[in-house]
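Okay, structure first, notes after.
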Amino acid sequence: MPIAAASLFRSLESCHTDSSPATNDAEVPRMEEPKKYLRGCSRHGQLYFTFGVIADIQYANKPDGLSGWKTMRYYSQSCLHFQDAIKQWNAKDIKPKFVLQLGDIIDSYNKRAGRSEESLEMVLSMTKVALMPFHHVWGNHEFYNFTREYLMDSKLNTTWLQDKQQKELEQSCGGTSDNKDYYAYHFCPHTKFRFIVVDTYDLNVISGEMSIEKHLKSLNLMESSQDKLNGFHLREFNGGMGQEQLAWLNDVLSYSDQNGEKVIIAGHIPIHPKAMRSACLAWNYDEILRTIYSHQCVVCYFAGHDHSGGYHRDSHGIHHVTMEGVIESPPGTNAFGTVFVYEDGLLLEGRGRVRDRFLPYDMGDTLGTSCLTCSGVSSKEG
Ligand SMILES: Nc1ccn([C@@H]2O[C@H](COP(=O)(O)OP(=O)(O)OC[C@H](O)CO)[C@@H](O)[C@H]2O)c(=O)n1
């Protein structure tokens, strides 16, 4: 291991692990916060900006209890955790520029209880005190509760936060953001960074509102789920990205390649089989990865859906971070993060069940394919 990487490992070993309780912000000198994780390391370079990340709040007014997967879901805590996350983001000296809310903001139970709209209003009302905008991603529970048409007209559609130049960019690529039948957009909070919100339920068997081509492709994929070896993830609670969206993604990534931008993608479903522990994987993850791999600009993909969380750095140096779900975070814990975007990498500062990670951009062999975590564990492509 190169000397710089070895010393970085040592400096990180003193940090807390994912099993530690949430760090009290008051214990940390605010402006110095990120340095705590990078003591002795001068490789992170300039800090450009920060952003928040959170997944699977899954609010419902129902008692805590076991899910169908025999995992405990703390409905009584989900809004309290979300409120606490907003409070902590607001209190930061370096205010996150925005938050990525990775989907499943309310639980499917609301539909059965006839409370979808009021619960969505309830949970979104918490964001009114937030000092930063939220970019909302759509998950399976959005589609259990609402139609796509409803979602497109709802506060969960944050396309209005898209890059102002998106239309020009898409026109030059042969499409516009107005005629999409999927929910995806991009924005550019810094000259060298672009974020892309993708719709991993563009293909699905939950909503039923889609073109006949997409519907048939969805049904065909589900039919091939009989193949137990390759079809383990072809389940009704997953979905995929259609050809049109993949072509759009390809165009945006080409633009970012040309402009020397680094790209961070946010979607509900993980797209790498090694970044999840259950069957939570996009149906056509291989097609999505192929599209991403034909470009150099993508540095990280953030997902939710798998409440136990996951992480993998793939053979192309892309970090796949699956955020632990708020809904499965017991009282006294939480599950959210703040990402410090540095010149040399992303520092994920986890709270509660989310562990701290430094995610270096692809630097050739300098840091190998390791991701450095605060427990000193490295995760490598198998
Ligand atoms: N053993 C099970 C449990 C549930 N299902 C069905 O799957 C659908 C979605 O379940 P749900 O737990 O609501 O989905 P989440 O998105 O909250 O969680 C996904 C991850 O597993 C969390 O780690 C629903 O229709 C259930 O009936 C099932 O088929 N088998």
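The values are calculated or read from the model by the stated rules, or taken from the named source; none is laboratory data. As the structure is a prediction and not an experimental result, all values here were calculated from the model. Note that each Cβ is placed from the backbone with ideal geometry, even for glycine, and that neighbours are counted across all protein chains shown.
The table below lists the values:
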{"item": "Enumeration of residues in region 236-256 that are among the hydrophobic types (A, V, I, L, M, F, W, C) and over 19 Å from residue 268 (Cβ atoms)", "result": "247, 253"}
{"item": "Of the criteria (1) of a type outside the set (Val, Ile, Thr); (2) more than 16 Å from the ligand (Cβ to nearest atom); (3) closer than 18 Å to residue 323 by Cβ, which one residue 160 fails", "result": "(3)"}
{"item": "Failed condition for residue 22, given (1) at pLDDT 50 or above; (2) surrounded by 14 or more Cβ atoms within 10 Å (Cβ to Cβ); (3) more than 16 Å from the ligand (Cβ to nearest atom)", "result": "(1)"}
{"item": "Test set (1) under 30 Å from residue 48 (Cβ atoms); (2) in contact (Cβ under 8 Å) with a residue 24 or more places away in the chain; (3) part of a helix (DSSP H, G or I) - residue 111 fails condition number", "result": "(1)"}
{"item": "Residue ID - farthest from the ligand (Cβ to nearest atom), chosen from residues in region 339-354 that are β-branched (Val, Ile, Thr) and surrounded by fewer than 24 Cβ atoms within 10 Å (Cβ to Cβ)", "result": "341"}
{"item": "Filter result (of a type in the set (Val, Ile, Thr) and within 24 Å of residue 341 (Cβ to Cβ)) within region 56-104", "result": "57, 86, 94, 99"}
{"item": "Within region 275-311, tally of residues that are within 16 Å of the ligand (Cβ to nearest atom) and surrounded by fewer than 20 Cβ atoms within 10 Å (Cβ to Cβ)", "result": "4"}
{"item": "Filter pass, residue 66 being within 26 Å of residue 135 (Cβ to Cβ) and at pLDDT 50 or above", "result": "no"}
{"item": "Matching residues in region 263-300 - criterion: being touching a helix residue (DSSP H, G or I) at 6+ places or on another chain (Cβ under 8 Å) and not in a loop (DSSP other than H, G, I, E, B)", "result": "263, 265, 273, 285, 287, 288, 291, 292, 298"}
{"item": "Residue within region 219-227 that is in a strand (DSSP E or B) and either surrounded by 22 or more Cβ atoms within 10 Å (Cβ to Cβ) or not charged (D, E, K, R) (or both) present", "result": "no"}
{"item": "Residue tally, condition surrounded by 15 or more Cβ atoms within 10 Å (Cβ to Cβ) and either more than 16 Å from the ligand (Cβ to nearest atom) or assigned to a loop (DSSP other than H, G, I, E, B) (or both), over region 39-71", "result": "16"}
{"item": "Unique match (being at pLDDT 95 or above and at positive phi) among 332, 350", "result": "332"}
{"item": "Selection from region 72-104 of residues that are in a loop (DSSP other than H, G, I, E, B) and either more than 12 Å from the ligand (Cβ to nearest atom) or over 26 Å from residue 199 (Cα atoms) (or both)", "result": "74, 92, 93, 94, 95, 96, 97, 98"}
{"item": "Exclusive hit being crowded, with 24+ Cβ neighbours inside 10 Å and farther than 30 Å from residue 231 by Cβ, set 259, 334", "result": "334"}
